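Trainee: For reference, the structure I am asking about is given below.
What follows draws every value from the coordinates through simple rules; no lab data is involved. Just so we're clear, the structure is a prediction, and the values are computed from it rather than from any experiment. Please note: Cβ atoms are built from the backbone with ideal geometry, for glycine as well, and neighbour counts cover all protein chains shown.
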Amino acid sequence: MTSKEPPVAEPARAAPATPIDPWADDSALSRFLRRLDSGVGLGEQIALFSLLCIVVVVATAQAIATKVFGSSFEGSFDIVRDSVFAVAMLGAAYASQQHRHLSMDLVSRRLRPRARLVLRLLLAAFTVYIAYLFLIAGEHLRSKVAVEAHTHLVPKWAVAAMIPIGSALIIFHSLIHTIIDVDYLVRGKLPAERERTGH
């Protein structure tokens, strides 16, 4: 006669962990500025993706035309060169939006959280100053080449305009991050560390 073994109870399934909002301490102002910053960053991503597609398509078509037909498309070099320059400027602005433009990790890791916040504010002020110098220089260059005759498919003034545009976007993102950090500082709170939250 065989004895039936008691049924083994299945282990209780753990309830799915609710995601922790890293920006739960945001004020209404910080929340609005963060949404605005993300929206502009999304626009920069779309522009970067579009420019990269243009570079790949034009460069591929140029390579095929050169190898197969022994000729090149007029203005293809200008398009690739100018698009790469625009990618560099917009990429710098997007890096600023992602907090990847300037970092002093070797120093900040040794500081207390509030001291890290103050260091971040100082770095943001330095970034704004340098970007402002680029903006002024870019505006001067753009106004200078605007009166010159151009033989390129893409006008020189349009390429030169990417310097002040990229600089203005860097200043925009840096000022938004600075206002958010100052808001936290005034309220006696510390913003979530970007490295730890993954945002």
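Trainee: Stretched out fully, how many nm does the piece from Ala61 to Leu190 gain, at 0.36 nm a residue minus the Cα gap? Numbers along the way, then the final one.
Mentor: Working: separation 129, 0.36 × 129 = 46.44 nm, distance 5.16 nm.
That works out to 41.3 nm of additional length.
Trainee: Also, quick follow-up: With unit charges on the beta carbon (Lys/Arg positive, Asp/Glu negative), name the residue among Ala168, His140, Leu52 whose Cα is farthest towards the positive pole of the charge dipole of segment 29-188.
Mentor: Going by the charge dipole, the pick is Ala168.
Trainee: Out of every Cα-Cα pair in segment 29-188, what percent are more than 18 Å apart? List each step's numbers first, then the result.
Mentor: Numbers: 8541 of 12720 pairs.
Of the Cα pairs, 67 percent sit more than 18 Å apart.
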